[in-house]
1. Give me the pairs, please: first residue somewhere in region 207-234 and within 18 Å of R251 (Cα to Cα), second residue anywhere and in a loop (DSSP other than H, G, I, E, B) and of a type in the set (K, R), beta-carbon distance under 9 Å, and either six or more positions apart or on two chains.
2. In this structure, is T232 among the β-branched types (V, I, T), in the same structural domain as S146 (by TED's automatic domain parsing) and surrounded by fewer than 20 Cβ atoms within 10 Å (Cβ to Cβ)?
3. Given the condition out of contact with any strand residue (DSSP E or B) (no Cβ under 6 Å at 6 or more places or on another chain), within 16 Å of V229 (Cβ to Cβ) and of a type outside the set (A, V, I, L, M, F, W, C), answer yes or no: does some residue in region 145-158 qualify?
4. In region 49-73, what residues are assigned to a loop (DSSP other than H, G, I, E, B), small (G, A, S) and under 13 Å from E257 (Cβ atoms)?
5. Identify, by number, the condition in (1) under 18 Å from V44 (Cα atoms); (2) of a type in the set (S, T, Y); (3) modelled with pLDDT of 90 or more that Y115 doesn't meet.
6. Select the helices (runs of 4 or more DSSP H) contained entirely in region 118-214, then report the ones holding at least 3 residues which are closer than 24 Å to A258 by Cα and within 20 Å of the chain's Cα centre (by Cα).
7. Here is a list: G167, G131. Which entry is touching a helix residue (DSSP H, G or I) at 6+ places or on another chain (Cβ under 6 Å) and closer than 22 Å to L275 by Cβ?
8. Of a type outside the set (F, W, Y) and at pLDDT below 95: which single residue out of V129, V149 fits that description?
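The values are calculated or read from the model by the stated rules, or taken from the named source; none is laboratory data. Note that the coordinates shown come from a computational prediction; the quantities given were computed from them, not determined experimentally. Note that we place each Cβ from the backbone using ideal geometry, even for glycine, and neighbour counts take in every protein chain shown.
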Amino acid sequence: MSEPVVLAELDVQARWCDLDGATAAAGVIRGADAAAMLGVGRRVAIGPILPCGTCDVCRRGACAVCPHAVALAVPARGPASVPARWLVALDGDLDVPVDLGVRALGPGARAYAMYAEAGLSPREPAIIVGGDVTAAALAQILRAKSAAVVVVASAGSAAERAALAAGLVVVLADVDTAAADLPALAARVAAAAAGGDQGYRPVRLFETSTDPGWRRLALALAGPRTTLVMRTSRAEHELVVPAAALAAELRLVAVREAHPDLAHEVLALVARGELDLA
């Protein structure tokens, strides 16, 4: 028999944020429904997906792909009712500002899930391909984890700005024209990642967009035994992997969304000033 779902109500002044395709919310708990778990009046936040938490998929730790999960959405009227088990406190030990916390829980949690799935160790080389906010969050997270990061992004993108602010190496690319000059771009990326060693290929490659152009670019940059961590979505299209990548033993890891429990890790980065998506 499944456990009953304890609901909590967020006050009607809750802060909502839709960023890079992910909705998150932060507010103050009202009512007594979740008092036993968190306490009335606590400042809390919740991320973009609400798994059931009770099915076999969730029980095996795969809440991010729960078949019964629903996306967090702004209620049509009144306060929002959300499962209390997925709430994370913004006050107490973390003391995270509401605006920073709610902006981080969408793309920040997704980026953290990609980092966690990659099995990346400190000082290992990593290349991020993409210009979106998830790429910007991932750049900050990998820097905080002491990885050797190169960001491949379009000029003026959120990822470029975040990477430059973090002191990371940036290689600019126009995804619409990259295919015409791919060998030269690949050489620039390899040189940037290896400090001038043209024969280097990345061992961890991250593609944060569902855009086909960025995906093709990431697959083209993959070298022998590269681990490619790729963002996916519910409305996924067929993925064509080049024969050369398969022959080079490409290792592909797909990440759709983050387990809600990763919110604690993400907010800890925000509290330490290591992740800022303002």
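1. These pairs meet every condition: L221/R201; A222/R201; G223/R201; P224/R201; R225/R201; T226/R201; R231/R256; T232/R256.
2. It is true that T232 is among the β-branched types (V, I, T), in the same structural domain as S146 (by TED's automatic domain parsing) and surrounded by fewer than 20 Cβ atoms within 10 Å (Cβ to Cβ).
3. Yes, there is a match, as at least one residue in region 145-158 is out of contact with any strand residue (DSSP E or B) (no Cβ under 6 Å at 6 or more places or on another chain), within 16 Å of V229 (Cβ to Cβ) and of a type outside the set (A, V, I, L, M, F, W, C).
4. Correct list: A62, A69.
5. (1)
6. Answer list for region 118-214: 133-144, 158-165.
7. G131
8. V149
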